[in-house]
Amino acid sequence: MKVVHTVSQLRAELDALENVGFVPTMGALHEGHLALIELAQIEAEVVVVSVFVNPTQFSDDQDFAKYPRTLDTDIEMLQSLQKGPDILFAPSVDEVYPDGLGQPLAPRAGALGSVFEGASRPGHFEGMLHVVSWFFRAVRPQVAVFGAKDAQQLFLVKRMVHREFKDQIRVVEVETVRAENMLARSSRNARLSPAAFAAAPVLFEAMVKAEELITEGVAPSIALESARKQIESQPLAKLDYLALVNKENFAPIADDFSGHAQMLVAAVVDGVRLIDNISFYIQEQE
């Protein structure tokens, strides 16, 4: 695995190559990231993994400061794999933002950037889309691999690829990797206390129970309220939002909806903010 830190170094490695797969990360790598890399290796001949903690997608300076930065450990993990990525691209902030962080970002998220995660983290999606666009232009991949856990991010990236890159990058989604207790794998999980780690699966459990109720014919609004109460009954969990949307356009759904739905949840569990989601099909009611 070659480690590079600048676009010029990256292009020197890639310019003669085709069929490039790209896995963007913010480091603190875990099993979920390895699943993305594994799929990228199936989808492409050359795999580039990036590690960059992007300051413009953090609306909270303390959250940015506390985000784990483990580049040396990440490199060791990737080098220990039987089949790791071909290139690790770890640029500096100055490389990604040569004109400084004060420059206005191009508006890409639109109205969807101000709801759910966007409501709780103002400017997050503009920062995320800016840096993903920057990496796409630097790496020039044919395939980009993202995890399903960040559902709103994934939807916005796919929309940006359509609008800005004319669908020339194929975005591939990898199912959320979960711990044995079904907690979604996340770099933030390292900050969970043992008690919080034990409490956090209530997010997934509540969503699955709501899906079961909807499948049995219970109205989505009632099932959602049941899930909300289940999460709020956990003393360590402070619910941010719980929503049910149309997976095709991310719009909230009514009780008479039928089609592919996605349930979204975000909560702060003992001081650590976690997100999760599940997707399922709602049958038309007779």
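The values are calculated or read from the model by the stated rules, or taken from the named source; none is laboratory data. Remember, it's a predicted structure, so these values are computed and weren't measured experimentally. Glycine gets a Cβ as well: all are built from the backbone with ideal geometry, and neighbour counts include every protein chain shown.
Points to keep in mind about this one:
- When ALA219 is tested against the conditions (1) modelled with pLDDT of 95 or more; (2) under 27 Å from VAL174 (Cα atoms); (3) loosely packed, with under 15 Cβ neighbours inside 10 Å, the lone failure is (2).
The rows are residues; the columns are (1) out of contact with any strand residue (DSSP E or B) (no Cβ under 9 Å at 6 or more places or on another chain); (2) outside any strand (DSSP E or B).
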site	(1), (2)
ALA12	no, yes
LEU17	no, yes
PHE22	no, no
THR56	yes, yes
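- Scanning segment 122-135 for residues that are under 16 Å from the mean Cα position of the chain (by Cα) and either crowded, with 20+ Cβ neighbours inside 10 Å or part of a helix (DSSP H, G or I) (or both) turns up HIS124, PHE125, GLU126, GLY127, MET128, LEU129, HIS130, VAL131, VAL132, SER133, PHE135.
- Residues in segment 153-176 that are part of a loop (DSSP other than H, G, I, E, B) and acidic (Asp, Glu): ASP167, GLU175.
- The selection criterion, being free of Cβ contacts under 8 Å to residues at least 24 places away in the same chain and of a type in the set (Phe, Trp, Tyr), does not hold for TYR241.
- Flag for ALA28 being crowded, with 16+ Cβ neighbours inside 10 Å, in the same structural domain as PHE135 (by TED's automatic domain parsing), under 14 Å from the mean Cα position of the chain (by Cα) and in a helix (DSSP H, G or I): no
- Residues that are hydrophobic (A, V, I, L, M, F, W, C), touching a Leu at 6+ places or on another chain (Cβ under 8 Å) and over 18 Å from ARG11 (Cβ atoms) within segment 137-159 comprise VAL145, PHE146, ALA148, ALA151, PHE155, LEU156, VAL157, listed in sequence order.
- Those residues of segment 135-187 which are free of Cβ contacts under 8 Å to residues at least 24 places away in the same chain, closer than 19 Å to HIS33 by Cβ and acidic (Asp, Glu), in sequence order: GLU180
- Scanning segment 78-104 for residues that are surrounded by 15 or more Cβ atoms within 10 Å (Cβ to Cβ) and among the hydrophobic types (A, V, I, L, M, F, W, C) returns LEU78, ILE87, LEU88, PHE89, ALA90, VAL96.
- For segment 66-89, the criterion of being at pLDDT 95 or above, more than 20 Å from PHE125 (Cα to Cα) and in contact with a Ser or Thr (Cβ under 7 Å, 6 or more places away or on another chain) is met by at least one residue.
- In summary, helices (runs of 4 or more DSSP H) completely within segment 178-286 and bearing 2 or more residues that are touching a helix residue (DSSP H, G or I) at 6+ places or on another chain (Cβ under 9 Å) and aliphatic (A, V, I, L, M) occur at 202-215, 220-232.
- Across segment 183-206, a minimum of one residue is classified as more than 20 Å from the chain's Cα centre (by Cα), under 26 Å from GLY113 (Cα atoms) and at pLDDT 95 or above.
- Annotation: LEU203 fulfils all but one of (1) in contact with an Asp or Glu (Cβ under 8 Å, 6 or more places away or on another chain); (2) more than 26 Å from LEU34 (Cβ to Cβ); (3) crowded, with 18+ Cβ neighbours inside 10 Å; the unmet one is (2).
- Hits in segment 31-54 (condition: under 26 Å from SER120 (Cβ atoms) and assigned to a loop (DSSP other than H, G, I, E, B)): PHE52, VAL53, ASN54
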